[in-house]
Every structure is written in C-alpha cells, then in structure tokens.
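**Q** So that we are looking at the same thing, I have put the structure below in structure tokens.
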Amino acid sequence: MDSAYEMGHIRKLQARHVRMQEKTFTKWINNIFQRGRVGIKIQNLFTELADGTHLLRLLELISGEALPPPSRGRMRVHFLENSSRALAFLRAKVPIPLIGPENIVDGDQTLILGLIWVIILRFQISHISLDREEFGASAALLSSKEALLVWCQRKTAGYACVNITDFSRSWSDGLGFSALIHAHRPDLLDYSSLRPDRPLHNLHCAFCVAEQDLGIAQLLDPEDVAALQPDERSIMTYVSLYYHHFSRLHQEQTVQRRLSKILLQLQETEALQTQYEQLVADLLCWIAEKQVQLEARDFPDTLLAMRQLLVAFAAFRTQEKPPRLQQRGATEALLFRLQTALRAQNRRPFLPHEGLGPVELSQRWAGLERAEASRSQALQQRLLQLERLETLARRFQRKAALRESFLADTEQVLDQVTALPASPATMEVAAQRLGMLEASILPQEGRFQALAEVAHILQQEHYHGWADVACRQLEITQRWERLLQRLQGQRKQMAGMQAVLSLLQEVETASNQLNELQVLASSTASGQQLAEVVELLQRHDLLEAQLSAHGAHVSYLAHQTTELDSSLGTSVEVLQAKARALAQLHQSLVSLARSR
C-alpha cells in the first residue's frame, strides 16, 4: 500500500516536473527567439520542434554559428533530415546518447525535454565560471552547477531567511530571488518588507521586478516554484539567467570601470601635462623678470639705499629663490612622474611645448644663477665704491674746513699788512712781514690742489652730495685765488712804494747837491790876480761839468716819477712835486752858471 502510494507520488511529482520543465523550456526558447528577433513563438514544445526547423534556428541563435539551411519539405523524411542536422551539430559539441531524430519527429516528451536541457547546459550553464579574485583559486575546480550554486550562496549571504543549498526547495519562498536582485540592485525592491510566510507574493514581486526592470524573462510561474519540490532544472535555467544578466552587468561595469580608469589616466596625464607646463611657464616668467632685475646696474648713490638694496638681494637669495628652486625640483619630479605614467600606459613620451622643456628650463636657470653671481659682485663693488666715496667726502669736508680756517686767518693777517710804509725803515719791516706771509701762503697751494682733486674724484664718480661739495670747493677756490691776487697786489704795491721811496731819497740827495752847487754858482768873486781868475775859471768849469752830470740824473728822476702809479697814494704826488722842484733848481743853476 505504501509502496503504491510512493510510486503514485513519484509519478505525480515527475508529471509536475515535466509540466514545469515544458513551460520553463518553452519560455526559454521563446525568449531566445524574441531576443534574436526571428518572429517565432512556440506554443507546444513537443509538436512544433518536430520538423527540425525551429530547433536548427534555436541552435544558430544560441551558438552564434551558421548552420546549413533546413529542408522546407513537409514530409517526415524532411523532418528527420533537419533533426539529424541539429543532433549532428550538438554531438560535435557534447555527447547526446539515447536520442535520435525520430524521437524529435515523434514528439517524445522525455527525450525532447532532455535534449533542451542538454542545450541549456551546453550553451547557457556550462559558461558559468567564478572570478578567481572574488571567489578564490578553488573556483576553477567547480562544475558549472556547483559554480552557479556557490555564486548564489555568495551573493545571498547575510540575507535573513535565505539559505541556498540546492536549486529546488531553497527557492520556494521567493526570498532567494529577491536577495539576488537586492544584492545587485538594492534600489529595485525593499527586501526588509518581504516575509517568508508569503512565498507567492515574494515570488511574484521578484519575477515582476526581474522582468520589468532587469529584462530577465519570467520562465517560471510563482505557483510552480512555491511547490514542495520544484523542478531543479527549471530553477537552474531561470537562475542562470540571473547569473548571466548580473555577470554581464558586472562585465559592463568592469569595462566601464576600465574605461573610466583609462579616461581618468588620460585626464590625470593631461592634468599633469597642464600642471607641468603651467609650473614651467610660471617659473620661466619669474626667471625672466628676476634676470632683468639682477642684470640692472642702476644702483643708488647713497650708502643707506645701497645697504637696503643688499638686504633685498639677501632676501632674494634666502627667501624668494629657495621656493622657486623647490618649484624647479617639483617640475622635474612632475615630468618624471608623467613620463613614468605614459610608459606604464604604453603611450608616447610627453613633449612639452617649445620653450617649456627641461633643457630650456635648465639653461634659463643657469642664466639666472650667472646673473645672480654677477649682481652679487657688482653690489659688493658698488658698496666698496660708495664707502670709499663717503670716506673721501668726509676727508674733503675735514680738509675743506682746514683750508677755510687757513684762508680766514691769512686774510686777517693780510689785512694788517696792507698799509703802505712812509719811510725806508718802515718799508724794510713791511717787506719782511710780506715775505714771511708769502712764505706761509704759497706752500699751501699743493694742499688746495689736493682738495680740488678730491672734489674732482667725487664729481667723476657721481657722489650723491657732489652739488654741496662743488659749491664749497668753488667758494674755497675763489677765496684762494682772491688771496693770491691780493698777495700779488700787495707785493706789487710794496715794490712800487719801495721805488717811490728810493726815488724820493735820490731826489732829496740831488736837491742837496744842487743846493751846494748853488752856493758856488751864486758867488760874485771874479779874482784880482790872474791866478785867482784862472782858479775861478777852473772852478766854474767844474761847476758846469757837475751841473751837466746832474742834468742827466735830474732828467732820469723826472722821467721815473712820471711813470709811477698814482694808486700808490700822496707819496707819489710829493715825489713828483719834489722832482719838478729839482728840475727847476737845476735849470736855474744852469742859467746862473751861464750868466757867470
């Protein structure tokens, strides 16, 4: 009794599995035809595959290979021929025992379902494999069925009330399908709202979402899956669609990630290229600007401004240049990184735009360092020059003060010796004083010349206070020249006065001599005796000779007095009056001598 019940139960279960497989395989085939857009839809799996044409078309679509065109005849022999071609194609790829073309033509349900299952295994399930990186090295040792089961288990791990152990009862409550969908597309359904005690609702929800949102054909009916023992082949077939869809999605995402990675690499390399050229361009611009500044030689003319310039130059070396040196190193590191990335991507090396290459940058940097070294030397030389000029300027001011003091003292002394002497005795004293003054003044000429030379150096080397120096030097020079002129004038007056006094002394001497001769010329004695007369004549001849001699001297004195400079004062007038009186006296004596 129990045995008969079990046999009946098994037959019912087998019949239910056959019906489920028939519906599932029919929908699977129609899904293939629909995707292939061949305009074929099968209603009865066992009768519509009998002519072999749909079977050949199915194999072409699922394998992607071209098969010989089917026979269009409607006789059994044509059906057998088409079925034989289909089986021959399959046997070339997978063993198919126990089935012949007549089984297909005669509509053998069991063998036809087995044949479709073989096709599903060969062209849909056998391609299932697991990623070694994701599932480990042992994934390569699994069969297609085991791999599909492991994939389902891994994707649904952690979901409540889901425990995938087979392709039958583990799927009855619909939570397994929902978990697969939620694991890949959590936005499509709310898994937390599903309950294990509502299998039909869960299955219906999962199948609708899979078909409408994922494009996975609904091969199963919720009622068939919710049974106590759903058909394994049907569920495997349907679950394999999930695998292929999500694997294809994963592959597309992988390809997209790779493309994104490539695009990101391209963007990164382009960004690196742009960054490199911007850094180099900025650095070259700074180098050009600084090189112009460093090569400039318009230095200030004061020590304070020069020291400020030296401070600025030191700041350039210690504060401004080091960051730019780091920027240069950054460009080299950036270029190395860029070239390394391009080599890793099997791309051509980066060639910067003209003038932005490392060679040009190195040359420009070397030019900057040469300009820096040259400016350092020029600054030091200019600083030494300004320090020397400041020293010269201080020396000039010190010496100028000494010269001005000397001039003031000398002018005061010279003022004291300007009075002309009135007698030879005072003349001698005045001449001695003037000689001593000259002896103290004339040796100072070298010092005044040295001061002028210092001023000339300050002018030639553009000392900043040259205007004041020139003004002071000009004043000192003019005072010195006036002093020399006064000294020369004093000497000239002294010589003139000395000549006046000398002539005056000669005039007075001649006048005294003529006065003595006047006594002789005025004598009235004529002699009583011849001897007396002769003696008187001799005396008279001597008188005339003396008068004649005095006449030349008187003429000379008269001439000399007329040549004297009247600026010598009243002494000249007195002398000239005495000279005229002397001439008159001489003339009167001559007349007197003639009359005697």
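The values are calculated or read from the model by the stated rules, or taken from the named source; none is laboratory data. This one's a predicted model, so the numbers in the text were calculated from it and none came from an experiment. FYI the Cβ positions are ideal-geometry reconstructions off the backbone, even for glycines, and counts take in every protein chain you see.
**Q** So which of Leu203, Leu180, Leu189, Leu194 ends up being outside the structural domain of Met20 (by TED's automatic domain parsing), in contact (Cβ under 8 Å) with a residue 60 or more places away in the chain and either crowded, with 18+ Cβ neighbours inside 10 Å or of a type in the set (Ser, Thr, Tyr) (or both)?
**A** Leu180
**Q** Any residue at all in region 189-197 that is on the phi < 0 side of the Ramachandran plot and touching a Leu at 6+ places or on another chain (Cβ under 7 Å)?
**A** Scanning region 189-197 turns up at least one residue that is on the phi < 0 side of the Ramachandran plot and touching a Leu at 6+ places or on another chain (Cβ under 7 Å).
**Q** Take Ile262 and tell me if it is surrounded by 17 or more Cβ atoms within 10 Å (Cβ to Cβ) and out of contact with any Asp or Glu (no Cβ under 9 Å at 6 or more places or on another chain).
**A** no
**Q** Among the residues of region 233-268, what is the count of those that are basic (Lys, Arg) and within 28 Å of Gly176 (Cα to Cα)?
**A** Total meeting the criteria: 2.
**Q** Only one of (1) outside any loop (DSSP other than H, G, I, E, B); (2) modelled with pLDDT of 75 or more; (3) farther than 18 Å from Gly489 by Cα is not met by Tyr463, so which one is it?
**A** Tyr463 satisfies every listed condition except (1).
**Q** Go through region 332-350 and count every residue that is touching a residue at least 24 places away in the same chain (Cβ under 8 Å) and either out of contact with any Ser or Thr (no Cβ under 9 Å at 6 or more places or on another chain) or among the small types (Gly, Ala, Ser) (or both).
**A** Selection size over region 332-350: 5.
**Q** What are the pairs with Cβ atoms under 7 angstrom where one residue, in region 375-388, is loosely packed, with under 13 Cβ neighbours inside 10 Å and the other, located anywhere, is in a helix (DSSP H, G or I) and not acidic (Asp, Glu)? Sequence gap at least six, or different chains.
**A** Glu387/Leu303
**Q** Is it true that Ala408 is touching a Gly at 6+ places or on another chain (Cβ under 7 Å), under 30 Å from Leu458 (Cα atoms) and in the same structural domain as Ala467 (by TED's automatic domain parsing)?
**A** Values: touching a Gly at 6+ places or on another chain (Cβ under 7 Å): no; under 30 Å from Leu458 (Cα atoms): yes; in the same structural domain as Ala467 (by TED's automatic domain parsing): yes.
Answer is no for this residue.
**Q** May I pose another question? Determine whether region 224-242 contains at least one residue that is closer than 16 Å to Gly174 by Cβ, under 60 Å from the mean Cα position of the chain (by Cα) and modelled with pLDDT under 95.
**A** Taking every residue of region 224-242 in turn, at least one turns out to be closer than 16 Å to Gly174 by Cβ, under 60 Å from the mean Cα position of the chain (by Cα) and modelled with pLDDT under 95.
**Q** Just need a number here: residues in region 33-63 that are part of a loop (DSSP other than H, G, I, E, B) and either small (Gly, Ala, Ser) or surrounded by 19 or more Cβ atoms within 10 Å (Cβ to Cβ) (or both).
**A** Selection size over region 33-63: 5.
**Q** Give region 199-231 a look and list any residue that's in a helix (DSSP H, G or I) and in contact with a Gly (Cβ under 9 Å, 6 or more places away or on another chain), or say none.
**A** Correct list: Pro199, Leu200, His201, Asn202, Leu203, His204, Cys205, Ala206, Phe207, Pro222, Val225.
**Q** Within the bounds of region 315-331, is there any residue that is outside any loop (DSSP other than H, G, I, E, B), hydroxyl-bearing (Ser, Thr, Tyr), assigned by TED's automatic domain parsing to the domain that holds Gln380 and touching a residue at least 40 places away in the same chain (Cβ under 8 Å)? Steps first, please.
**A** Taking region 315-331 and keeping what is outside any loop (DSSP other than H, G, I, E, B), we get 315-331.
Okay, now just the ones that are also hydroxyl-bearing (Ser, Thr, Tyr), so 318, 331.
Now restrict to residues that are assigned by TED's automatic domain parsing to the domain that holds Gln380: 318, 331.
Okay, now just the ones that are also touching a residue at least 40 places away in the same chain (Cβ under 8 Å), so 331.
Yes, region 315-331 contains a residue that is outside any loop (DSSP other than H, G, I, E, B), hydroxyl-bearing (Ser, Thr, Tyr), assigned by TED's automatic domain parsing to the domain that holds Gln380 and touching a residue at least 40 places away in the same chain (Cβ under 8 Å).
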